Structures are given as structure tokens and as C-alpha cells.
1. Go through 62, 41 for me and flag whichever is within 18 Å of residue 220 (Cβ to Cβ) and at pLDDT below 80.
2. Check whether at least one residue in region 26-41 is in contact (Cβ under 8 Å) with a residue 24 or more places away in the chain and at positive phi, and report yes or no.
3. Cβ contacts < 7 Å: first residue more than 19 Å from residue 160 (Cβ to Cβ), restricted to region 64-81; second residue modelled with pLDDT of 90 or more and among the aliphatic types (A, V, I, L, M), any location; separation 6+ or different chain. Result?
4. Applying the selection to region 186-200, what residues are under 21 Å from the mean Cα position of the chain (by Cα), of a type in the set (Val, Ile, Thr) and surrounded by fewer than 13 Cβ atoms within 10 Å (Cβ to Cβ)?
5. With a cut-off of at least 3 residues that are free of Cβ contacts under 8 Å to residues at least 24 places away in the same chain, name the helices (runs of 4 or more DSSP H) lying wholly within region 140-251.
6. Applying the selection to region 92-139, what residues are in a loop (DSSP other than H, G, I, E, B), modelled with pLDDT of 80 or more and exposed (fewer than 11 other Cβ atoms within 10 Å of the Cβ)?
Amino acid sequence: MPTLDSLLNSPLLFGLLIMAAFLVGLSKGGLPAVGMLSVPSLSLVMSPMVAAILILPIYILSDVVGVWLYRREYSAPNIKVLIPAGFLGVLIGWQTASHVSDTMVSFLIGVMGITFCLYTWLKKQATGSAKPANMGKGLFWGTLSGFTSFVSHAGAPPFQVYTLPQKLPKMVFAGTSTLVFAAINLAKIIPYSNLYPYTTSTLKVCVLLLPVAAIGTLCGKKLIEKLSEKWFYLAVQIALFIISIKLVISAIQA
């Protein structure tokens with residue numbers, strides 16, 4: 001793990017950490033796909049798994065703000081399915097961490113995200129009916145979301161594949177995402193600490209970045225409030241599509 005001194009003495013790395021903290025904050029403000037950019041950006045200068053472990057405290061501290069902002073706006077049926085499934089996904093990720101390639105996971109996540117976006121944009125819009133929450137699908141996509149979140153904080157695509165067809169009100173969608181990933185992030189504390197024990201210096205860096213993440217969270221909430229339902233979902237899909245392409249390209253080049 002990088003030490004506090006090495007982070008502060010490296011303008012590039014510390015700059016990337018500031019950007020990552022702001023992106024994490026935006027994701028906790030209700031834009032889950034945006035947070036996926038944090039690990040890829042830090043991966044320019046460190047191992048993806050180390051990057052994921054390094055910024056987990058920032059995620060958790062941002063979760064406090066996000067949960068408070070969305071404490072009354074969420075889908076209870078989805079919460080009841082996705083959180084237990086997410087815990088299972090984290091457990092699977094922990095048990096297979098030494099056997100699963102980060103590159104392969106990134107590639108699969110990217111392909112899945114691209115496929116979903118293209119299907120959504122190209123299919124005929126004959127029926128606009130929303131899909132109800134489904135126990136079986138929720139368990140599958142929730143588990144996959146927990147697993148990919150464990151590997152690289154990239155749980156947004158599986159979550160969106162399951163929830164976007166439900167056409168939830170934008171604030172309920174954002175709140176459900178915030179609460180689900182707040183729970184999943186808490187479940188990652190022990191596994192991450194087991195893989196790469198946190199140091200006092202590392203935690204100090206996270207505390208320094210907390211104000212940046214908090215500002216990002218508030219900005220994310222304000223942005224969602226300003227956007228219409230149509231443009232909100234389009235923005236989420238575009239962010240998912242761009243990030244998915246980035247994941248696929250990075251995996252191929254690895």
C-alpha cells in the first residue's frame with residue numbers, strides 16, 4: 001500500500017486520488033456508474049486491486065452522506081433482495097480473489113454493459129411498461145454486482161441491468177443504488193483488510209480526501225434533482241456505455 005508521504009510527494013498520484021474521491025462522491029449522490037471510473041483512473045499508477053482497497057474507506061465515508069440524503073427514497077422490494085445477494089457476491093469475490101483475473105472480470109463487465117446499452121437503445125419501444133422487481137433475477141444480478149464491486153468497485157452495470165427495466169422514479173433509483181452499495185461496501189471491510197491490511201498513513205490520506213468526496217456527493221444529488229427522468233436515465237446509460245468500452249479496451253490491451 002502507498003504510504004502517506006509517497007502519496008503527497010507524487011502530484012500525479014495525489015491528483016488522481018482527488019479525482020477518484022470526487023467521482024466516488026458523485027456515485028454516492030446517485031450516479032453509480034460514475035464511480036466506476038475511480039479504480040481505472042488509479043490503475044494508471046497502481047494495481048487495480050490495490051486501488052480498489054485504497055479507496056474503500058472513501059466509499060464508506062461517502063456512504064454516510066449518501067445514505068442520509070436518500071434515507072427516505074428507495075425501493076424496499078429491491079433492497080430486500082439485492083443486499084443479501086450483494087453480500088453473497090462479496091463472499092464469492094473474497095474466496096476467489098487469488099484465482100480470478102482482474103482483466104477477465106473487467107472484460108466481462110464491459111461486454112455486459114455495452115450489450116445492455118445497445119439492446120436498450122436499439123430495441124423497439126412498442127411497450128413502455130415497467131418490469132416489476134423479481135426475486136430470481138434480483139438474486140442473480142445482485143450477486144454479480146457484489147462480486148464485481150468486490151473486484152474493482154464495478155458493481156453498477158449488473159445493478160443497472162436489473163433495475164433500469166423497472167423504470168423506477170429517478171430519486172428512488174438513486175436511493176436504492178446508494179443504500180445497496182453502502183451495505184456492500186461495509187461487507188468488504190474485513191475481506192479487504194485481510195488481503196491488504198490498512199495502515200495509519202493510508203487512512204490519513206482517506207480522511208484528507210473526505211471533503212472532496214462529500215462535495216461530490218452533494219453535487220451528484222443536485223444534478224439528479226435538476227435532470228428530467230428521461231435525461232437522467234439517458235445520462236446513466238451513456239456513462240455506463242463509455243465506461244464499459246473503457247473496460248473492454250483496457251482488458252484487451254492488458
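The values are calculated or read from the model by the stated rules, or taken from the named source; none is laboratory data. Since this is a predicted model, take the numbers as computed values, not measurements. Reconstructed Cβ throughout: ideal geometry from the backbone, glycine too, with neighbour counts over all protein chains shown.
1. Working: 62 fails: at pLDDT below 80.
Going through 62, 41 in turn, just one is within 18 Å of residue 220 (Cβ to Cβ) and at pLDDT below 80: 41.
2. So in region 26-41, the residues in contact (Cβ under 8 Å) with a residue 24 or more places away in the chain come out as 26-41.
In the following step, the residues that additionally are at positive phi were identified as 30.
Yes: region 26-41 contains one or more residues that are in contact (Cβ under 8 Å) with a residue 24 or more places away in the chain and at positive phi.
3. 67/179; 67/182
4. Residue satisfying the conditions is 190 alone.
5. Values: elements: 156-163, 170-187, 189-195, 200-226.
In region 140-251, the matching helices (runs of 4 or more DSSP H) lie at 200-226.
6. Once the filter is applied, which keeps residues that are in a loop (DSSP other than H, G, I, E, B), modelled with pLDDT of 80 or more and exposed (fewer than 11 other Cβ atoms within 10 Å of the Cβ), region 92-139 yields only 132.
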